[in-house]
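The next block holds one structure in the form of structure tokens; read it before the comments.
Derivation of every value follows stated rules applied to the coordinates shown; laboratory data play no part. Only a predicted model underlies this, so the values are computations on that prediction, with no experimental measurement involved. Neighbour counts run over all protein chains shown; Cβ positions are idealised from the backbone, glycine included.
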Amino acid sequence: MFESLLGIGAHKQRLPSPERALPGRAEAMPLRNVHHVNGRPLRDAFEGLARVQFGMGCFWGAERKFWPIPGVFATAVGYAGGFTPNANYREVCSGETGHTEAVLVVYDPAQVSFESLLKTFWESHDPTQGMRQGNDAGTQYRSAIYCDTEAQYAAAIASRDAFQAGLTAAGYGAITTEILHPAPTFYYAEEEHQQYLSKNPGGYCGLGGTGVSCPTGL
């Protein structure tokens, strides 16, 4: 996850046009399809469950924020919001795919509310930083909420506005989070990245919040 190893230029702070994005490939990344923490599938129809995608910087640490939450059935990391089908990690880090590092969260709305997931999202990173998160810089680290339903989208917008008030009072700037409905295609990342911090407990995590509390029950 260390951008200094890959090199970073001004172009990596700007999204590519669809015409200039890397072509990608037709084949999805191979997966063992077993969640390293709870043993559930990563790729599934998930009948009767709800889905949302969150981008909040390095997806290693972001995924770890969600898998312990009661009511979350499964999590997976991948790439979303860009143009390159089935991109790989190096391609995403090049800044030429348009994707952000995303976490797919599959949850049971009867056990955990979408508002609770939004609270974890807002409080676990700094959503005012644009195309970066801490020392991780580039378009793949931008903040995002990709919603499956209109109700999710309305809740996400309402929570953004409420959280902005708290951030402004604490001296932070404007939220730059990309909130979209319908959600763009989620392309699963390579097996090595799935539940990375469970497989590598001492691994890198650059995630950090603002210390501002997000209201719930909106």
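Descriptive notes on the structure:
- Surrounding net charge for L180, when Lys and Arg each add one and Asp and Glu each subtract one, Cβ distance under 14 Å: 0
- Antiparallel %, DSSP beta bridges [both residues in the chain], to 5: 90
- Cα-based Rg of the chain normalised by 2.2 N^0.38 Å, two decimals: 0.95
- Anchor K199: lysines whose Cα lies under 17 Å away (excluding residues fewer than 8 positions away in-chain): K65
- Counting only DSSP H runs of at least 4 residues, each contributing -39500 (n - 2.57), and dividing by the residue count of the chain, the helix-based mean residue ellipticity at 222 nm comes to -6000 deg cm²/dmol.
- The stretch 106-146 versus the stretch 35-86: alpha-carbon centroid distance in Å: 12
- Dipole moment magnitude, nearest 20 debye, the stretch 60-218 about Cα centre, only Lys, Arg, Asp, Glu C-beta charged: 300
- Ordering G78, T97, Q111 by the projection of their Cα atoms onto the charge dipole of the stretch 58-120, which places +1 on the Cβ of Lys and Arg and -1 on the Cβ of Asp and Glu, puts Q111 at the extreme positive end.
- Extension gain, T168 back to A45 (0.36 nm per residue minus Cα-Cα distance, nm): 40.3 nm
- With a cut-off of 15 Å between beta carbons, the residues surrounding A170 carry a summed charge of -2, where Lys and Arg count +1 and Asp and Glu -1.
- Interchain or long-range residues, amide H under 5 Å from A102's placed H: G78, Y79, A80
- Environment charge at G211 (Cβ cut-off 15 Å; Lys +1, Arg +1, Asp -1, Glu -1): -1
- For K12, a cut-off of 20 angstrom between C-alpha atoms picks up these aspartates and glutamates, skipping any fewer than 8 places away in its own chain: E3, E91, E96, E101, D126, D136, E178.
- Taking 7 Å steps out from each Cα toward its Cβ at N33 and T128 produces label points 4.5 nm apart.
- Dividing the Cα radius of gyration of the stretch 31-154 by its Kirkwood radius returns 0.95 for Rg/Rh.
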